[in-house]
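Here the structure comes first, spelled out in structure tokens, and everything after it is commentary.
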């Protein structure tokens, strides 16, 4: 399965993550699980920066699916520029997307992935309508 990032999306956050030696696998490239970790890190940092952290007694976003397409190996040493995008707000969900490129080659996307987030009421574990402020923020 290969899922492509849509053309219509909104850049919402950027960060740089260093590749650590311990992130490598036996084939001397970034372990596949680390790509998902990097996407998770940028998503959490963005959500924190907009005051959208999970509140166990309230409501917030959770991820209901995720994917990653691998185009070019990332290897130590290096720093990864991760750009996060958002799009397609629906009643209770929105899409997040991330691209990963080496900072020394920012125009070459090495991997790209995404995740669907759903807004829920944590105590009841039920989906809720996206808050208007978040809907505006993720709309392109």
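Only one residue in 86, 112, 101 is over 10 Å from the mean Cα position of the chain (by Cα), assigned to a strand (DSSP E or B) and surrounded by 15 or more Cβ atoms within 10 Å (Cβ to Cβ), so which one is that?
One residue alone meets the criteria, 101.
Take the residues in segment 50-72 that are touching a strand residue (DSSP E or B) at 6+ places or on another chain (Cβ under 7 Å) and assigned to a loop (DSSP other than H, G, I, E, B); name whichever of them is modelled with the lowest pLDDT.
Taking the candidates together, the pick is 54.
What single numbered condition from (1) in contact (Cβ under 8 Å) with a residue 60 or more places away in the chain; (2) closer than 22 Å to residue 125 by Cβ fails to hold for residue 35?
(2)
Given the structure, is residue 65 surrounded by fewer than 13 Cβ atoms within 10 Å (Cβ to Cβ), within 20 Å of residue 109 (Cα to Cα), in contact (Cβ under 8 Å) with a residue 12 or more places away in the chain and out of contact with any helix residue (DSSP H, G or I) (no Cβ under 9 Å at 6 or more places or on another chain)?
Taking the combined requirement at face value, the residue does not satisfy it.
Among the listed residues 42, 17, identify the single one that is assigned to a strand (DSSP E or B), surrounded by 13 or more Cβ atoms within 10 Å (Cβ to Cβ) and touching a strand residue (DSSP E or B) at 6+ places or on another chain (Cβ under 6 Å).
17
The values are calculated or read from the model by the stated rules, or taken from the named source; none is laboratory data. Since we're looking at a predicted model, the values are computed, not measured. Here Cβ is always computed from backbone atoms with ideal geometry, including for glycine, and neighbour counts include all displayed protein chains.
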